[in-house]
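First comes the structure, then the notes that go with it.
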């Protein structure tokens with residue numbers, strides 16, 4: 001039988017298809033094997049990556065822990081170097097060493113009612129929140145801070161959580177110990193007594209046994225700040241604290257390095273992050289960066305409350321309505337805005353103050369009353385703006401040498417009232433007189449930070465190397481350490497070397513009540529302990545700063561006489577004592593008097609001994 005050609009072709013094609021199929025199957029198997037191999041490799045790689053990740057995380061944690069240990073050691077060394085105990089020696093006490101107990105006590109203290117009871121009006125004071133003035137650029141967003149509103153139920157619940165449980169006698173106990181607290185109260189002012197009495201009543205309701213010990217102010221100081229660490233026999237004490245223009249709180253109530261005999265910190269509280277933030281805030285020259293540090297610090301201290309800010313108090317003034325333009329705040333006193341003041345009628349501005357010592361010399365005065373007079377008679381290199389930022393009327397300045405050196409260039413034409421021109425030599429003379437071996441004034445810290453001061457003070461050098469007169473108008477000051485707060489060491493006025501230079505320190509001091517400066521006024525008449533009259537300096541070098549008022553008359557007047565004198569027009573303005581709660585309502589009722597107030601740059605506080 002003859003084979004058909006198409007059958008042969010079909011058979012060939014079938015065989016070819018089978019061969020192709022076999023080849024494809026083989027290729028598929030090869031590809032699958034490769035895919036399986038790649039999958040296995042990927043899984044191995046994924047495992048290795050995960051292991052590497054874990055190693056990296058562990059390494060990062062180890063590095064972070066090492067960095068934290070280094071930072072902790074650095075903070076501890078700084079504390080010991082400052083004379084404070086090694087933080088490792090601190091043992092928080094069972095009572096106030098527990099932050100929840102401190103917080104509970106604040107919730108059980110009605111500070112808003114205290115302000116009404118003590119001052120009569122929320123205009124006079126407001127509840128404290130953070131260790132910075134609310135007027136400062138460093139103050140945080142108030143909404144982020146805990147005001148510890150009065151809440152006895154919450155306070156009692158918090159104490160329950162701590163294990164301080166109510167006994168049958170109405171007091172709390174823990175491990176057999178009664179929750180008793182000793183509060184040192186000075187009677188030189190009324191507010192500590194008012195606050196502690198309110199605490200006695202409300203804390204009794206939550207089972208706290210409060211013992212109030214009355215004494216004078218100096219005794220409280222002796223038993224707190226002036227007593228060595230670990231020997232402080234108190235649980236709570238209250239005082240007031242004044243702040244500098246710069247918000248740096250180094251050496252203050254919250255700086256552990258100040259937990260030394262004679263230091264401001266008596267709480268025994270230590271927090272490494274708080275110490276780091278204090279250090280960072282002091283070292284940075286970027287205001288926004290500093291603000292971030294201080295905001296974090298404020299939130300931390302507001303939460304842990306080793307010391308509670310009781311209240312920010314206002315300064316209150318009575319001002320006759322014939323006076324306008326007297327716009328003051330805690331940074332700008334009335335003497336610093338005198339050119340803005342306008343008077344109706346007689347052009348002598350009449351001011352009453354409680355006293356002045358007659359120290360009309362920028363490097364010697366030590367009270368606010370003499371400060372007013374010095375401000376009118378002299379020009380300061382550095383002044384605060386209304387926001388507390390440094391500026392200068394008399395010089396430009398720049399920073400160099402890793403922010404340690406300030407170079408000032410005086411403006412041309414700055415003249416003293418005798419017609420002579422201010423020079424860099426005058427600037428240097430002023431600060432060298434502060435460093436004088438016989439100097440007994442309050443400004444010594446102004447020069448102690450300068451390079452070469454220690455050698456000069458020890459008698460091993462004839463001058464301070466950190467003070468250099470570069471030319472007639474230029475001078476530089478170099479500090480041992482950089483700090484943004486250093487600029488405020490130049491807020492004391494420049495004195496004429498030609499006028500004040502003397503052969504002896506005694507001869508120099510003879511000029512205390514014979515001032516001659518470059519300010520807006522000059523001395524016309526002075527009767528110690530009675531009055532001083534200053535006449536306008538019509539030849540003042542800055543024509544824009546020549547005041548409208550022709551003279552300033554300052555008289556000594558005790559507080560009870562000030563309000564009647566204001567009403568009668570015998571004086572134009574005066575600061576009013578707010579501890580007498582009726583003073584403000586009395587003035588508000590007077591038709592010819594305006595009441596002017598602003599928050600002061602400071603606060604009252606309540607310190608907890610966290611080692612008890």
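The values are calculated or read from the model by the stated rules, or taken from the named source; none is laboratory data. Just so it is clear, the structure is predicted and the values come from calculations on it, not from any experiment. Cβ placement follows ideal geometry from the backbone for every residue including glycine, while neighbour counts extend to all protein chains displayed.
I need a count of the residues in segment 166-181 that are exposed (fewer than 13 other Cβ atoms within 10 Å of the Cβ), without any contact (Cβ under 8 Å) to a residue 12 or more places away in the chain and assigned to a strand (DSSP E or B). Final tally of qualifying residues: 0. Looking across segment 566-583, the residues that are out of contact with any strand residue (DSSP E or B) (no Cβ under 6 Å at 6 or more places or on another chain) and touching a residue at least 60 places away in the same chain (Cβ under 8 Å) come down to 569, 570, 579, 581, 582. Scanning segment 443-455 for residues that are crowded, with 18+ Cβ neighbours inside 10 Å and within 13 Å of residue 480 (Cβ to Cβ) gives 447, 449, 450, 451, 452, 453. Tallying residues that are free of Cβ contacts under 8 Å to residues at least 24 places away in the same chain, farther than 16 Å from residue 432 by Cβ and either in a loop (DSSP other than H, G, I, E, B) or touching a helix residue (DSSP H, G or I) at 6+ places or on another chain (Cβ under 6 Å) (or both) within segment 478-513 yields 1. As a summary of the residue check, residue 278 satisfies the conditions (1) more than 30 Å from residue 217 (Cβ to Cβ); (2) in a helix (DSSP H, G or I) except for the one numbered (1).
What about residue 535, is it in a helix (DSSP H, G or I), in contact with a strand residue (DSSP E or B) (Cβ under 8 Å, 6 or more places away or on another chain), surrounded by fewer than 20 Cβ atoms within 10 Å (Cβ to Cβ) and assigned by TED's automatic domain parsing to the domain that holds residue 376?
Numbers: in a helix (DSSP H, G or I): no; in contact with a strand residue (DSSP E or B) (Cβ under 8 Å, 6 or more places away or on another chain): yes; surrounded by fewer than 20 Cβ atoms within 10 Å (Cβ to Cβ): yes; assigned by TED's automatic domain parsing to the domain that holds residue 376: yes.
Spelling it out, it is not the case that residue 535 is in a helix (DSSP H, G or I), in contact with a strand residue (DSSP E or B) (Cβ under 8 Å, 6 or more places away or on another chain), surrounded by fewer than 20 Cβ atoms within 10 Å (Cβ to Cβ) and assigned by TED's automatic domain parsing to the domain that holds residue 376.
If we scan segment 346-366, do we find a residue that is in a helix (DSSP H, G or I) and modelled with pLDDT of 95 or more? Before you say what the answer is, go through the steps one by one.
Here is the first cut: in segment 346-366, the residues in a helix (DSSP H, G or I) are none.
Within segment 346-366 (the criterion being in a helix (DSSP H, G or I) and modelled with pLDDT of 95 or more), the answer is no, since none of the residues qualifies.
Does segment 544-553 include one or more residues that are within 30 Å of residue 114 (Cα to Cα) and either in contact with a helix residue (DSSP H, G or I) (Cβ under 7 Å, 6 or more places away or on another chain) or free of Cβ contacts under 8 Å to residues at least 24 places away in the same chain (or both)? No, every residue in segment 544-553 fails to be within 30 Å of residue 114 (Cα to Cα) and either in contact with a helix residue (DSSP H, G or I) (Cβ under 7 Å, 6 or more places away or on another chain) or free of Cβ contacts under 8 Å to residues at least 24 places away in the same chain (or both). For segment 375-383, the condition of being within 20 Å of residue 575 (Cβ to Cβ), in contact with a helix residue (DSSP H, G or I) (Cβ under 9 Å, 6 or more places away or on another chain) and not in a helix (DSSP H, G or I) holds for none of the residues. In segment 182-203, the qualifying residues are those that are within 23 Å of residue 610 (Cβ to Cβ) and out of contact with any helix residue (DSSP H, G or I) (no Cβ under 6 Å at 6 or more places or on another chain), and the one that is surrounded by the most Cβ atoms within 10 Å (Cβ to Cβ) is 192. In segment 266-280, the residue that is surrounded by the fewest Cβ atoms within 10 Å (Cβ to Cβ) out of those that are under 20 Å from residue 133 (Cα atoms) and touching a residue at least 40 places away in the same chain (Cβ under 8 Å) is 279.
When you go through 153, 112 one by one, which is the residue that is out of contact with any helix residue (DSSP H, G or I) (no Cβ under 7 Å at 6 or more places or on another chain) and surrounded by 14 or more Cβ atoms within 10 Å (Cβ to Cβ)?
On the way: 153 fails: surrounded by 14 or more Cβ atoms within 10 Å (Cβ to Cβ).
After applying the criteria, what remains is 112.
The listed residues are 314, 308, 354, 284, and the only one of them that is under 20 Å from residue 562 (Cα atoms) and in contact with a helix residue (DSSP H, G or I) (Cβ under 8 Å, 6 or more places away or on another chain) turns out to be 354.
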